[in-house]
Each structure stands twice: as C-alpha cells, then as structure tokens.
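Right, one structure below, let's go through it.
Taken together, the values in this text are just the output of simple stated rules run on the coordinates, not laboratory data. Bear in mind the structure is a predicted one, so any value in this text is a computation, not a measurement. All Cβ positions, glycine included, derive from the backbone under ideal geometry; neighbour counts span all protein chains shown.
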Amino acid sequence: MRLLQITASNVWRGHEQQIVYYYNEFDSKIEHQVLLCPKNTQLESIAKQQKFNYQSLPYKSAYDRTWIRAIQSIIKSERIDVVLIHSSKAQTLCILASVWSRTKIPMVFFRTLIKKVDTNFFRRWKYNYKHLRHIVCVSQAVIDTLKPAIDDHSRLSIVGSATDLDQFKNRKPTGVLRKELGLDHTTKIIGNVSAFVPFKDHNTLIETAAIVVKTQKNVRFVLAGTGPLEEEMKAKVAALDLEQFFTFLGFRTDITDIFSDFDLFLFTSKNEPTGGVLLEAYASHVPIVACKAGGIPEVVVDGKTGILAEKENPKAFAEAVLSILNDSNKIKTLTTEGFAHLKTHFTKEIIAEKMLSELHQVVKRFPAKHRS
C-alpha cells in the first residue's frame, strides 16, 4: 500500500499527535507513505526532526490551488493507492483535487470532531462524495453526529484515540511540578490540560473548585493550556476570590514530566469526541473525574476506571472529587483499572493497527486505477 496522509490543520492537539503515531507505526508495515501538512507548524517540525517523507506548504484556504496541484502531483508521482485525510479543510482540498483531475484514488477521512455537517448542501455533498470511500470516526459520539448527513451509514466505523506508553512512562510523581510551584507533599494537586475554548467548560471547573475548597483547603488547581478564554477564566477565578487555589501554567512542552504529579485529573469538557488527554492520565496513574458527555463514556468506565459527573454540574463534580481525593484505596483501584484499560484498548500500536486494517479494506475494494 502507498499512502498519502494529509492535514491542513495548523494547531498541535491530540489529532496531530495521532498523525505522528500513525506515520511511525505504518512505516515498517506498508510499501510507501507521504505526509502533506502546513508549513511552520509543530507537525512539520516533528516531521523534519523524525525524517518523515513529507511536503509542506503555506496554508491559505480550503480552495488553495497550490495545495490542490500538490495533492494531484503527489498522487501521480508517488503512485498513491489511498489518501488518509485528517482535517475538514484538507477534505475539501482533496475532493476538489479529485474532481478537477478526475482521479479515482480512494479517500478515507479520519473524523475527530463532534460537529454537525449537514448545515448546507456543499457539506452534505462532500461527505457523500463518491470517492470518499470511508469515514473513520474516533468515537460513537462522532458517528451519531455525522449520521444525519451520511447517506450510506456502512461507510462509517470507529478507530479510537491513542497514547504512547513510552512517552508517558512516569507512573509515579516526579516532583517536578511540586518543586516548581513550591508545594509540599500534603497539598493535593488537581490538574487539567486543555485549551481554553468554550466546549472545554472551564467555567464548571472553576465553580467546582469553589465548592471543593470549602472543605478541602490544602488543594491547588493547576491548569495547563492556552486559548481565547484564558483571560476570562483568570478573571472569573479572581472574582470568586480563588486566586490562592489556582495556578495557570500556560502552554507547556513538559506535560509528560509533570502529569504524574497530579493527585487527580479533573476534566469538565462537555462536548469531547474522546478526550485523548484522559489516556495520558491513565498512563500516568492519575485518577480521573470527567464529564459524562460526548465520547468520554467510551473511554472512562464510570466507577471502575474513573468517575463521571453530569455536564455543567459543579456540585456533582465536587462530590466526585472529594470522594476520591483522600481515599487511597479508591485511588489505587481507579488507577490500576485505568492503566489496564489503556493497555487493552488505546495504545498507539493497537489504534494504528485498527486504522491500517480500515485502509487495507478500502484499497482492496477500490484499487487505484494507475496501479492496474
């Protein structure tokens, strides 16, 4: 199999990390692959560092003729059998490249967002385009959102999120974060790693903290990430007189080193496709309290690998946090079961093998014409 992976995303989040996992895991198992991504991105930097076979272009729009010509050229010159698409903008570019060149190369779209796509004719058309042979979703929650727009539901399947156990190898606290913040061993660190965007629902997290600190004074809420709502959330913390209980870390490149220092991972996101960061909590042996919404219940088994709380319900979240924080037996049970659940279902090796199987099935059913 000769594969083109493509994304037009310029951010670095869980999906982009999964592209790196796929590339590395596929490399010894297929004949050839190419990555096409935007210039001056974290993904390009990693591709260069790890010596991927890649091309990069400045991204302007989903109708950029430079990208369309590049896609057409790569498919022809590299004799591509199948295209694995990783973003909706790249999906548009690939379909336009297919239409304008009349190529019949099969395409597979890896969809990780919970967002309606049946809002206009063009979106419905591109999700049902004849050479977009399969749509692989990261969770059932994503499939449920897509179904109204998809004519043939047999084109939908699930391949979940993944994490790298070699990367998240700290199973015990490193002390790095505690030392940085000047916290002694008695202070409970409740962590969160996510972008400050609406669906992550930091509002509920902060309101949960306001309840928790009424009975648990020796606690610090540590938030890693950046985003458009960061300053608004800092203002909310100040307005509730919670500044002594919060630390905003900003963007961090050492999450793998500090994650295991969390005593609890609090994830209030209310519209999450899966929450790949939850897998990082499993890997780091950190107990989880997360939102019962989106694809999260497909990752967290309530009461066994973590505790789920109703979305936008600070009281429920606070009760769950307090039920775990000082219960060493419960912490041990949740972290042991969570790590086992991760190893069985969500390692990068397992997930890459599932995706590779999907790609092989598409190539078998729809062989590329230039290969015949």
>> Let's see if you can work this out: charge +1 on each Lys and Arg Cβ, -1 on each Asp and Glu Cβ, no other charges. What is the dipole magnitude of the chain about its Cα centre, in debye to the nearest 20?
In response: 1580
> trypsin sites (Lys or Arg not before Pro), restricted to region 300-372: which are DSSP loop and have at most 14 other Cβ atoms within 10 Å?
Replying inline: 304
> For region 176-345, with only Lys/Arg (+1) and Asp/Glu (-1) charged at the beta-carbon, what is the dipole magnitude about the Cα centre, in debye rounded to 20?
Replying inline: 320
> What ranking do 9-20, 59-70 get when scored by the average of other Cβ atoms within 10 Å per residue, highest first?
Replying inline: 9-20, 59-70
> So what's the net charge close to residue 346: Lys and Arg +1, Asp and Glu -1, counting the other residues with Cβ under 13 Å from its Cβ?
Replying inline: -2
> How high is the relative contact order of the chain, in percent, with contacts defined as C-alpha pairs under 8 Å that are six or more residues apart?
Replying inline: 17
>> Report the Cα-based extents of region 176-345 along its three principal axes, largest first, to the nearest Å.
In response: 42, 34, 32
> Cα-Cα over 29 Å: which of 76/364; 60/354; 39/270; 115/330; 315/348?
Replying inline: 60/354; 39/270; 115/330; 315/348
> Does a label point 7 Å from the Cα of residue 327, set along Cα-to-beta-carbon, have any residues of region 288-310 with amide nitrogen under 13 Å, and which are they?
Replying inline: 288-289, 303-308
>> What do you get for chymotrypsin sites (Phe, Trp or Tyr not before Pro) in region 221-284 restricted to DSSP loop and a cutoff of at most 12 other Cβ within 10 Å of the site's Cβ?
In response: 251
> Taking N as the number of residues in region 1-107, what is its Cα Rg relative to 2.2 N^0.38 Å?
Replying inline: 0.98
> Roughly speaking, what is the stretch gain from residue 140 to residue 360, that is 0.36 nm per residue apart minus the C-alpha to C-alpha distance, in nm to one decimal?
Replying inline: 77.0 nm
> With Cβ to Cβ distances under 11 Å as the rule, what net charge do the other residues near residue 112 carry (K, R +1; D, E -1)?
Replying inline: +1
> For the chain, what does -39500 (n - 2.57) per DSSP helix run (n ≥ 4), summed and divided by total residues, give at 222 nm, in deg cm²/dmol to the nearest 500?
Replying inline: -12000 deg cm²/dmol
>> At a 10 angstrom cut-off on C-beta neighbours, averaged per residue, how do the peptides 114-121, 180-187 rank from highest to lowest?
In response: 114-121, 180-187
> Amide H neighbours of residue 33 under 5 Å, counting only residues 5+ apart in sequence or on other chains, H built in-plane at 1.01 Å?
Replying inline: 3
>> Given a Förster distance of 41 Å, report the FRET efficiency between residue 343 and residue 79 from their Cβ-Cβ distance, rounded to the nearest 0.05.
In response: 0.65
> Say we join alpha carbon atoms closer than 10 Å with springs in a Gaussian network model of the chain; which of 87, 284, 323 then has the biggest fluctuation?
Replying inline: 323
